[in-house]
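Laboratory data are not the source of any read-out in this text; all were calculated from the coordinates shown. If you're wondering where the values come from, they're calculated on a predicted model, not measured in any experiment. Glycine gets a Cβ as well: all are built from the backbone with ideal geometry, and neighbour counts include every protein chain shown.
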Amino acid sequence: MKGLIFSVKRYSIHDGPGIRVTFFMKGCPLNCIWCHNPEGISPHSETLIQTDRVGNREFSKEEEVGKYYDVETILEILHKEKVFMDQSKGGVTFSGGEPMLQSEFMLEVMKACKENGYHTAIDTSGYSPMENYLSIIPFTDLFLFDIKHLDDAKHIESTGVSNISILDNYRFLLGSGKDIMVRIPVVPGFNDDPDHLERLKQFLTATKTASLKRINLLPFHKIGSSKYRKFNITYRMGSVEPPSNSEMKKMKEFFQETGVKVKIGG
Ligand code: SF4
């Protein structure tokens with residue numbers, strides 16, 4: 001069996017503990033308006049036209065986005081980085097896109113990673129049937145779990161899908177005994193109003209178990225906009241500016257009231 005991957009990042013330090021190798025799985029059932037990896041949303045391998053601009057001149061070339069990897073190839077990549085992962089207590093993270101969209105492959109590759117002694121993490125939107133999470137729990141050390149908005153209508157409006165099953169899966173995983181880090185993308189005008197932040201804090205406090213190890217606040221940034229230009233994809237965030245450092249600091253203190261560690265960034 002093979003998995004479709006659009007990027008491999010070695011020496012990653014933002015996708016779980018230690019130094020990690022992160023595989024970005026292609027395909028996502030969500031379509032978030034702020035997505036920083038728009039080239040990862042389609043579940044198919046595709047040829048995108050990449051345009052680089054130097055001054056007034058443009059240079060275009062075709063770029064193949066998405067390549068199939070089998071489990072052995074993934075293990076070979078990991079074995080080469082093992083010394084760094086061991087020394088830093090790192091491991092492997094599957095991100096995306098949405099890794100659970102390729103749930104059969106994920107089960108196979110996570111099993112193999114565990115059998116080879118790697119710390120395993122999945123960075124998930126939470127939008128996948130609960131039975132997929134149930135099957136993969138024994139081979140997963142850490143879930144990086146996104147919570148974007150508690151209001152279903154708002155969630156649908158900006159991501160294209162309901163949050164009902166996401167929140168159900170979150171509650172379910174909190175009882176799994178596995179480590180969870182909640183990731184909240186802080187997107188101005190979408191989920192940063194005081195009412196919503198208060199609801200979110202209350203939700204995280206009311207549902208928390210010993211599994212919840214950390215809350216990561218991921219400020220919206222405009223770095224991703226260059227990807228939209230590069231791949232000629234329509235950018236949907238207009239002139240929305242990132243939250244300021246002081247706003248993020250205040251938000252960090254606010255979420256610390258949950259009694260859980262809070263970090264700005266991944
Ligand atoms: S869930 Fe993540 S990868 Fe999927 S569209 Fe949203 S931001 Fe992009």
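Some observations on this one:
- Given the chain, longest segment not containing exposed loop chymotrypsin sites (Phe, Trp or Tyr not before Pro) (DSSP; at most 16 other Cβ within 10 Å): 1-230
- Under a model in which nothing but the beta-carbon of Lys, Arg (+1) and Asp, Glu (-1) is charged, segment 1-116 shows a dipole of about 360 debye around its Cα centre.
- Near residue 96, the amide H atoms lying under 5 Å from its own belong to 25; only residues 5 or more places off or on other chains count, and H is placed 1.01 Å from N.
- Amide H to amide H distances under 5 Å link residue 261 with 215, where only residues 5 or more positions off or on other chains count and H is placed in the peptide plane.
- Note on segment 93-145: Cα-only Rg and Dmax are 9.8, 28 Å.
- The share of Cα pairs per 5 Å bin across segment 25-144, counted from zero up to the longest distance, runs 2, 10, 18, 19, 17, 14, 9, 6, 3, 1, 0 percent.
- Scalar couplings 3J(HN,Hα) for segment 105-113, obtained by applying the Karplus form with A = 6.51, B = -1.76, C = 1.60 to θ = phi - 60°, are 5, 4, 4, 5, 6, 5, 4, 5, 5 Hz; x denotes Gly and Pro.
- Dividing the summed helix terms, -39500 (n - 2.57) for each DSSP H run of n ≥ 4, by the number of residues in the chain produces a 222 nm estimate of -10000 deg cm²/dmol to the nearest 500.
- Mean-position separation - Cα centroids, segment 188-253 and segment 92-171, in angstrom: 19
- Under Stokes-Einstein, with the Kirkwood radius over Cα pairs as Rh, the value for segment 46-90 at 20 °C and 1.002 mPa s is 155 µm²/s.
- Dimensions of the chain from C-alpha coordinates, computed as largest minus smallest value along each principal axis and given longest first, are 51, 48, 34 Å.
- Mean separation of Cα contacts under 8 Å (6+ apart) over length of segment 52-188, as relative contact order %: 19
- The relative contact order of the chain comes to 19 percent, based on Cα pairs under 8 Å that sit 6 or more residues apart.
- Each of 38, 97, 194 was placed along the dipole of the chain (beta-carbon charges, centred on the mean Cα), and the one lying farthest toward the positive end is 194.
- Per-residue 3J(HN,Hα) values for segment 191-199, derived from phi via the Karplus relation 6.51 cos²θ - 1.76 cosθ + 1.60 with θ = phi - 60°, read 9, 9, 6, x, 4, 5, 4, 5, 4 Hz in sequence order (x marks Gly and Pro).
- Entry note: segment 119-160 has Rg to Rh equal to 1.06, where both radii use alpha-carbon atoms and Rh is the Kirkwood radius.
- Here the Debye sum runs over all C-alpha atoms of segment 69-123 as equal scatterers in vacuum, and log10 of I(q)/I(0) at q = 0.24 Å⁻¹ comes out as -0.98.
- Restricting the trypsin sites (Lys or Arg not before Pro) of segment 74-122 to loop positions (DSSP other than H, G, I, E, B) with no more than 13 neighbouring Cβ atoms within 10 Å leaves 89.
- The Cα-based radius of gyration and maximum Cα-Cα distance (Dmax) for segment 1-76 are 14.9, 46 Å.
- Hz values of 3J(HN,Hα) by residue in segment 143-148 - Karplus curve (6.51, -1.76, 1.60), Gly and Pro given as x: 9, 9, 10, 7, 10, 9
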